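Peer 1: Pasting a structure below so you can have a look.
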2 protein chains.
Amino acid sequence: MKEILESLKNKLSTHNFKLTSQREDILKILIKNKNRHFSAESLFAEVKKINPDVGLATIYRNLELFCKLGITHQLDFDSSHKYYELDLEGTHHHHLICVNCNRIIEFNDDALEEFEKELEKSYDFKIADHKIKFFGLCSECKGLKD
Amino acid sequence: MKEILESLKNKLSTHNFKLTSQREDILKILIKNKNRHFSAESLFAEVKKINPDVGLATIYRNLELFCKLGITHQLDFDSSHKYYELDLEGTHHHHLICVNCNRIIEFNDDALEEFEKELEKSYDFKIADHKIKFFGLCSECKGLKD
DNA sequence: ATCGATGCAAACCTTTTGCATGCAG
DNA sequence: CTGCATGCAAAAGGTTTGCATCGAT
């Protein structure tokens, strides 16, 4: 935990960005909630609990900065809000989204690689990244709908 | 072409929605550009060429209606605009998006079914739908980057 | 004739930006 | 000290809504 924060702070100073208390507070919240998907607004609410004086614009500006530095990345579950997620190594994953309770389950994509290779051949396309979401009913909601 | 329009108009009247000239104009544009992805604004521009008096609010209201009726569906390529696409049977597909020239190539997903079945087993999740996008370089841009 | 559909403009919501002040380096 | 970062408020951009009018049934 501590060492994640240190390495991210390090990434900031390496790129000559200042280590402000706001940036540290935002990083702390992101790290503490590794697998949560934050909107700017919801992150703002969390950071305010630590530092009531933070401004929403600071959240937006730093989320943009963090995405550029690869500290976070942007998700697009819906097209009226932007969502962000901490981008730790070895956590590349995708989402199963329950359409009933909105729970989001993450999964890895090892099995996808083969499919990608075939796609690249068929369409003469070099794949660099992907975004994959499955929608349906999670184990609990499946039961309820029977 | 003609018969697609008729069947969609039929879907409207079946559900007791009125066949206004605006709705017909919107459908005509969508059908004529089957494989284009429209923002409300770009669809508005096209419809205006046929009917200069149409209002943007009408475009929004009807795109929402058409999505409810399954005539169109919403895409989320980026989270600051909503994009829409005609939803014809047998055209379920996904997208290869070139990060260099923004070209969008569509592909079918037959090979994906097996992967889905495994996911359902592993996570005890009933998959109903999916959204899949691959990002990379298309055949032309691949060459340029060599 | 009725009530849903439309056009316009205003409202809304999320995100971005300008500017004066604050603070890390 | 210097210039980047911040907070605030205003602006921007996309979408939705209220209201009077229009027009399909």
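The values are calculated or read from the model by the stated rules, or taken from the named source; none is laboratory data. For clarity, every value in this text was computed on a predicted model and none was experimentally measured. Note: ideal-geometry Cβ built from the backbone for every residue, glycine included; neighbour counts use all protein chains shown. Surface areas here come from the heavy atoms of the whole protein model, side chains and all, with no ligands, DNA or RNA. Shrake-Rupley method; radii C 1.70, N 1.55, O 1.52, S 1.80 Å.
Peer 1: Against the condition outside the structural domain of B:Leu137 (by TED's automatic domain parsing) and more than 13 Å from the chain's Cα centre (by Cα), how does B:Glu46 come out, does it pass?
Peer 2: yes
Peer 1: Inside region B:11-27, can you point out the residues that are polar (S, T, N, Q) and surrounded by 15 or more Cβ atoms within 10 Å (Cβ to Cβ)?
Peer 2: B:Gln22
Peer 1: I've got another one for you. Only residues that are away from DNA strand D (no atom under 11 Å from the Cβ), open to solvent by 50 Å² or more (accessible area, probe 1.4 Å) and within 14 Å of another protein chain (Cβ to nearest Cβ): list them for region A:54-79, please.
Peer 2: A:His73, A:Gln74
Peer 1: Another question, if that's okay. When you scan region A:53-67, do you find a residue that is in a helix (DSSP H, G or I) and of a type in the set (Lys, Arg), even just one?
Peer 2: Taking region A:53-67 as the starting set, the residues that turn out to be in a helix (DSSP H, G or I) are A:56-67.
Next cut, of a type in the set (Lys, Arg) only: A:61.
Yes, some residue in region A:53-67 is in a helix (DSSP H, G or I) and of a type in the set (Lys, Arg).
Peer 1: Something else now. Restricting attention to region A:28-53, which residues are away from DNA strand C (no atom under 12 Å from the Cβ) and either open to solvent by less than 30 Å² (accessible area, probe 1.4 Å) or within 16 Å of A:Ile4 (Cβ to Cβ) (or both)?
Peer 2: If the condition is that a residue be away from DNA strand C (no atom under 12 Å from the Cβ) and either open to solvent by less than 30 Å² (accessible area, probe 1.4 Å) or within 16 Å of A:Ile4 (Cβ to Cβ) (or both), then A:Lys28, A:Ile29, A:Leu30, A:Ile31, A:Lys32, A:Asn33, A:Lys34, A:Asn35, A:Arg36, A:Val47 are the ones that fit.
Peer 1: Now for a separate question. Within region A:5-21, which residues are within 9 Å of DNA strand C (Cβ to nearest atom) and at negative phi?
Peer 2: A:Lys9, A:Leu12, A:Ser13, A:Phe17, A:Lys18, A:Leu19, A:Thr20, A:Ser21
Conditions (1) within 27 Å of A:Ser80 (Cα to Cα); (2) within 11 Å of DNA strand D (Cβ to nearest atom); (3) touching a residue at least 60 places away in the same chain (Cβ under 8 Å); (4) within 14 Å of another protein chain (Cβ to nearest Cβ), marked per residue:
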| site | (1), (2), (3), (4) |
| --- | --- |
| B:Lys2 | no, no, no, no |
| B:Leu5 | no, no, no, no |
| B:Leu8 | no, no, yes, no |
| B:Asn16 | no, yes, no, no |
| B:Thr20 | no, yes, no, no |
| B:Glu24 | no, yes, no, no |
| B:Leu27 | yes, no, no, no |
| B:Ile31 | yes, no, no, no |
| B:His37 | yes, no, yes, yes |
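Peer 1: Provide a single number: the residues in region B:22-49 that are of a type in the set (Gly, Ala, Ser) and in contact with a helix residue (DSSP H, G or I) (Cβ under 9 Å, 6 or more places away or on another chain).
Peer 2: Adding up the residues that qualify gives 1.
Peer 1: Same structure, new question: Only one of B:His92, B:His73 is part of a loop (DSSP other than H, G, I, E, B) and either under 30 Å from A:Phe107 (Cβ atoms) or within 10 Å of DNA strand C (Cβ to nearest atom) (or both). Can you tell me which?
Peer 2: B:His92
Peer 1: A follow-up question, please. From B:Leu119, B:Leu96, B:Leu137, which residue is open to solvent by less than 20 Å² (accessible area, probe 1.4 Å), within 28 Å of A:His93 (Cα to Cα), facing chain A (nearest Cβ under 7 Å) and over 18 Å from the mean Cα position of the chain (by Cα)?
Peer 2: B:Leu119
Peer 1: Name the single residue, out of those in region B:69-97 being modelled with pLDDT under 85 and small (Gly, Ala, Ser), that is nearest to B:Phe134 (Cα to Cα).
Peer 2: Residue satisfying both the conditions and the ranking: B:Ser79.
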